[in-house]
Each structure stands twice: as structure tokens, then as C-alpha cells.
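The next block holds one structure in the form of C-alpha cells; read it before the comments.
The values are calculated or read from the model by the stated rules, or taken from the named source; none is laboratory data. Everything numeric in this text was worked out from a predicted model, so none of it was measured. Every residue, glycine as well, gets a Cβ built from its backbone with ideal geometry; the counts of neighbours run over all protein chains shown.
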Amino acid sequence: MTAVPPDGAGARDVLRAVRRAVEGAGPAVLLGAADPVQVPAGTAAVVTTSGSTGYPKSVLLSRSALTASAFATRDRIGEGAWLLALPAAYVAGLQVLVRSLMAGREPAVLEGRFSPSAFTAATRLMASSRGGDRIPTYTSLVPTQLIRLVEAAEQAGGADVRDALRSFEAILIGGQALPEPVHARAAALGARVVRTYGASETAGGCVYDGVPLDGVRMRIESGELQLAGPTLADGYLGDPERTDAAFARDDDGLRWYRTGDAAEISSGRLRVHGRLDNVIVSGGVNVSLDRVERIVRGLPGLAEAVVVGVPDDEWGEASVVVFAGDDDDDDGDDGALLRAVRDAVGAELGAPARPSRVRRVDALPTLSSGKPDRVALRHLAAG
């Protein structure tokens, strides 16, 4: 069978293509690529993305995987109307569309560039009721979007944004780790945030607030998190070797997705530490940049900072904190900021993990999914 791109680039165009694919009335939908491709029977969507490392991959998602994820989400957080505030071509946006289809409702769509005012306006248009009862509303965001909404809601005159945040029964946050201080600030505003973990290979988020959705299983093998269940992708288009490397079968024939993330499971609850390969060796000591970044993002003004590794003449490798800020800011004392960063990281992870410097930029480069472009950030940090 063939997977073809939507007839247009808009979210409604993607929705029409996804509806045909999920209902079996049309070809599989090809997202993130322009030319039709042949796919295995049963494929409903191909999500093609370069990810944060720049390595392209085309993930094969069946109708059963997409709908299993949508129904499991419904069973966990409830059913209602959804607002699409993410690119429809990425798995988190795709799942907003699938959940809407499974609920028999047209999703609201935030058109154009994301902003607190645009989010608030789209939220107002969602208000509806059935039999006198308000229909619950839901949305899915990346941390950067939530940070901007929280900052706007905390400002004088931010009552409309606060009301918009409070109106959702649940706001799913995924794509990358949400800094705990931001989570606390959002909760203080009345936002009901659900932190999700997943990937294109799991048809989107499959672990909510550390607890797997129904049918999803977790295990740790050699320190790596692996996931199994009905939401798993069928593999990678045209790449059987990579498929075999990422999806392993146990002695009972059960397929497990190797996430590449370091994690631990305690009392059935997942805690992800970061990428196994996002590690530098500084002075002979292995340093997890994800752990460093988690600490850095807890400091004032650094909620969106990114920590990357660069070559270092003295230590072999070192980490650099890259953050967006105005060079003309009177409070922009990068020396004091670096001392605060090094003190915080050193206190929790030890001296070898302390970043060597901070780098202030006008704006952090991002991928179209909203995630940081770490390839570009490494070039900035090394420059």
C-alpha cells in the first residue's frame, strides 16, 4: 500500500488525511515528507522526523497502535474536546487529531504562530456544553509553550491567560522534561498538568505522571528503559537493521522498544534520568548532560536553558549552558550566573559535572516540533 502526504499543509488538511487513514477509507498519511512511499499493509501513518540529533527516521504506525493510545489516554484522563496547539505533522499533534476522531469531535485548532494571546483566543472558542453540562477540554503542549503561558499568566493583566489554563481538564506536557519549578508555578495558577513520556515509536506519550497507560509495560535492562504494549510502532520504513536494533523480542515473543533512556522504576512509577548517549567524559568522569540540565532549569531565569557538550583542551569535554537573554539586560551578570550554576550542579552531582561556562543568545534554535535543536546549539556553544 501507499502512504501519501496530506493535500495541504494546514492542520485541517492533515485531519482529513488522518481521518481517511484511521477509518480505512484512504491511504496511509505521510507526515514530514513530500513524496509518496510504499508501506506495509496495516500502516495508518508514517511520522518522519529528524529528531534532536539530526538523524532522519520514518516511523511506521498502525491504526491499532494509534487508536490503542487514544483509547488508553481517554481511560486515564477522560474524554472531551481537544485543542491542537502543536504541529500536526509530529506524533503529539497527530495524537490530538486521533483522540478527537475517536471521541467523534472536531478539534479546535490554534492557527499560526503560538502565543499566549492566540492560545487564549482558541481556548475561548472551545467552550460548549451538552445537556447543560460543560464538555471537558484538553490540550497537549511542549514545555516551552507552557513556560510562556505561565509567564504571561503571572504578569499584571494576565487574568485571561490564567482562566485559559484553568479551563482545561488536563494539559499534557511532553517532548522533553518539564522543570519542576515551572510545574509548581503552573499548579499554583490552577493548571492541571500531566507530564507524559513517550516517543514516535510508542505512538506518543504512553506513561503519564510516571504511571504507564493501560496495556503498556515497562522494564529496565542494563540501565535502559524498555517499553512494550499495543501502542508500539511496527518499525522504521526501509530500515530493517535499525528496526531490529530498536525493537527486541523476549523469550515469550513480546516486542520491547529500546528507548535509549536511562531510568529507574520504583513502586511501579517511572523516573527518567536522560539519554544514555547524552553523556560527556570530563576529566575521566562520565557526566549526564540531562541531569545537569535538569538542575540548571530549576534556577531563576533558566527554565528553558539547554546544556550541551563541547571539546575542552584541559578536561577533554566540558558542558556549556546556552540560554536566551538580552545582552543589554542590566541584570545580565553572566559571571554571577555561572557561579550560581556551578554551585547548584556541584552540590548535587559533584565538581566534575559543573558547566564550564554560560552562553547567552538572542533566541534558542528549535526544531519545528518545538524541541531544542541540539545540533545547532552545540555549534553555538563551541563558537
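Tally the residues that are within 22 Å of the chain's Cα centre (by Cα), farther than 16 Å from L146 by Cβ and part of a loop (DSSP other than H, G, I, E, B), restricting the search to the stretch 297-323.
Selection size over the stretch 297-323: 2.
For the stretch 119-147, which residues satisfy the criterion of being charged (D, E, K, R) and in contact with an Asp or Glu (Cβ under 9 Å, 6 or more places away or on another chain)?
R124
Rundown of residues vs (1) of a type outside the set (A, V, I, L, M); (2) surrounded by fewer than 15 Cβ atoms within 10 Å (Cβ to Cβ); (3) in a strand (DSSP E or B), yes/no style:
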| residue | (1), (2), (3) |
| --- | --- |
| V287 | no, no, yes |
| G335 | yes, yes, no |
| P355 | yes, no, no |
| R360 | yes, no, yes |
| L364 | no, no, no |
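For the stretch 41-129, please list each of the strands (runs of 3 or more DSSP E) lying entirely inside it that holds at least 1 residues being of a type outside the set (S, T, Y) and not assigned by TED's automatic domain parsing to the domain that holds R148.
Hits in the stretch 41-129: 43-49, 57-62.
Would you pick out the residues in the stretch 187-201 that are farther than 13 Å from L141 by Cα and in contact with a strand residue (DSSP E or B) (Cβ under 6 Å, 6 or more places away or on another chain)?
If the condition is that a residue be farther than 13 Å from L141 by Cα and in contact with a strand residue (DSSP E or B) (Cβ under 6 Å, 6 or more places away or on another chain), then G198, S200, E201 are the ones that fit.
Within the set of pairs 6+ apart or on separate chains, which have a first residue in the stretch 109-135 that is over 20 Å from R148 (Cβ atoms), a second that is basic (K, R), and C-beta atoms under 8 Å apart?
A127/R134; S128/R134
Looking at (1) under 19 Å from P372 (Cβ atoms); (2) at pLDDT 95 or above, which one does A228 not meet, given that it meets all the others?
For A228, the exception is condition (1).
Failed condition for V194, given (1) of a type in the set (V, I, T); (2) surrounded by fewer than 22 Cβ atoms within 10 Å (Cβ to Cβ); (3) in a helix (DSSP H, G or I), with all others met?
(3)
Kindly indicate the residue of the stretch 261-273 that is in contact (Cβ under 8 Å) with a residue 40 or more places away in the chain and under 25 Å from R378 (Cα atoms) and also surrounded by the fewest Cβ atoms within 10 Å (Cβ to Cβ) among those meeting that condition.
Only one residue tops the list, namely V272.
Kindly check whether there is at least one residue in the stretch 166-174 that is closer than 19 Å to L66 by Cβ, part of a helix (DSSP H, G or I) and in contact with a helix residue (DSSP H, G or I) (Cβ under 7 Å, 6 or more places away or on another chain).
Checked the stretch 166-174: no residue is closer than 19 Å to L66 by Cβ, part of a helix (DSSP H, G or I) and in contact with a helix residue (DSSP H, G or I) (Cβ under 7 Å, 6 or more places away or on another chain).
Being loosely packed, with under 13 Cβ neighbours inside 10 Å and over 12 Å from the mean Cα position of the chain (by Cα) narrows it down to one residue among A164, A184; which is it?
A184
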